[in-house]
1. Say R0 is 22 Å: what FRET efficiency, to the nearest 0.05, do residue 52 and residue 77 get from their beta-carbon distance?
2. In nm, to one decimal, how far is the modelled label at residue 237 from the one at residue 61, with both set 7 Å along Cα→Cβ?
3. Starting at the first residue of the range 132-141, write each ³J(HN,Hα) from the Karplus equation 6.51 cos²θ - 1.76 cosθ + 1.60 with θ = phi - 60°, in whole Hz, x for Gly and Pro.
4. What aspartates and glutamates could a cross-link reach from residue 92, if we take a straight Cα to Cα line under 16 Å and drop same-chain neighbours fewer than 8 places away?
5. In the range 88-216, how does Rg compare with the Kirkwood Rh, expressed as the Rg/Rh ratio over alpha carbon atoms?
6. Scan around residue 42 for amide H atoms under 5 Å from its own, H built in the peptide plane at 1.01 Å from N, and keep only partners 5 or more places away or cross-chain.
7. Would you please give the residues with an amide H less than 5 Å from that of residue 202, counting only those at least 5 places away or on a separate chain, with H modeled from the backbone geometry?
8. If you add up the charges near residue 229, with Lys and Arg at +1 and Asp and Glu at -1, over every other residue whose beta carbon is less than 9 angstrom from its beta carbon, what do you get?
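Rule-based calculations on the coordinates, nothing more; no lab input. Model, not experiment: these values are computed from the prediction. Note that we place each Cβ from the backbone using ideal geometry, even for glycine, and neighbour counts take in every protein chain shown.
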Amino acid sequence: MTTDHATVLYFDNKIHAANKRLQRLKAAGFISERPRRAFEPSILFLTRKGLTLLQEHGVLNEYPSFNLPALERRTRVSDRTISHELEVMDVKAAFHAAIKTMGSFTIDEFSTWPLLNEFTAYRPGYDGAEVPVKPDGFIRIHETDATGGKFEHAFFLEVDRSNEVQETLVVKAGCYLDYYRRGGFAVRNGATRDDYKKFPFRVLMVFKNAERRNNTALRLLQNTPPILRLAYLSTFEEVTHDPTGAIWIRPLDYREATERTPFTIVAQARAGRSSAKTAVSSAKNNSRGKLNATRNSSPFPTNGRKSSLHGSKHGNRKCPTKNRKKSTGSNPNLLLSNRRLTGLTTALPKAPLTLTNSRN
């Protein structure tokens, strides 16, 4: 983590107190920092002395067994891995800062140690064999309602690496669905597999940009079985700004927002359910009303111009009208923006908080 992360997570965002305490821990040899270039953030890590102290005090008892040399090697991982882990910590810090302002919610757990959150699930195409799944994070948020009732919201976190194949996330989402339906998460919480419906969770997927988010929503809809509500998708910028706000979309939201528009048709064509010729014909016949309605309610002005998707009397020749702008109705992000996106604390199923599911 960086100094900024530590300041938010452990020092109530008081930078002077954080710097003073961190300097003392460095001087005592409990923490150190990775070599860095000028203007790069200070990246902190526990030293052998710090890890030994935590072991002696039993702080690491609930963590998977490990040896000190293996942990020390973790300080020498690649810059790409470090960048990804810092993004996960950015999300964690944003959640802590946001939840702190909400009186009825508290963060009971936010673990970013993949081995601590690892589970196994069946993956299609692996001959019925179970495969390990290592989430980027696991979150438990406790809620107290107006009557004093206590509930829990559980989330797994996946921060997308733009360099990984998109299919990796889709397959991983299928593993989460299997983990839920076969009662793996219920067993993790001390219940039986038959009680799986009492232990709901959601998978938060965070993407670099909206295009990557939308493409993943589309692929999850094409999955067998389709994943409609389990995954909540947003962008890194939105999550680090307001993680509990109405920034999340489900594949179901994407399907409903783009229904009877060219985006749905393109999805069908990609899935092999429609030819390109049918897609073009259907787009002309069916999308005009939906896109016009979207454009009229869009926060971006279109000045009554027709969308370029509707075609032009000039055929394939360049339209002679100068300075003609593209219609905003052709943007799936605007179709989504006209829906009420899902806020984490308002639309999730609640699990009653009991002794069996308050901890792993």
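1. Working: r = 21 Å, r/R0 = 0.96.
Efficiency for this residue pair is about 0.55.
2. Inter-label distance under the simple model: 4.7 nm.
3. x, 10, 10, x, 6, x, 9, 10, 10, 10
4. 4, 12, 108, 109, 136, 158, 160, 237, 238, 242
5. Numbers: Rg = 15.8 Å, Rh = 16.0 Å.
Rg divided by Rh gives 0.99.
6. 3
7. 154, 155, 156
8. +2
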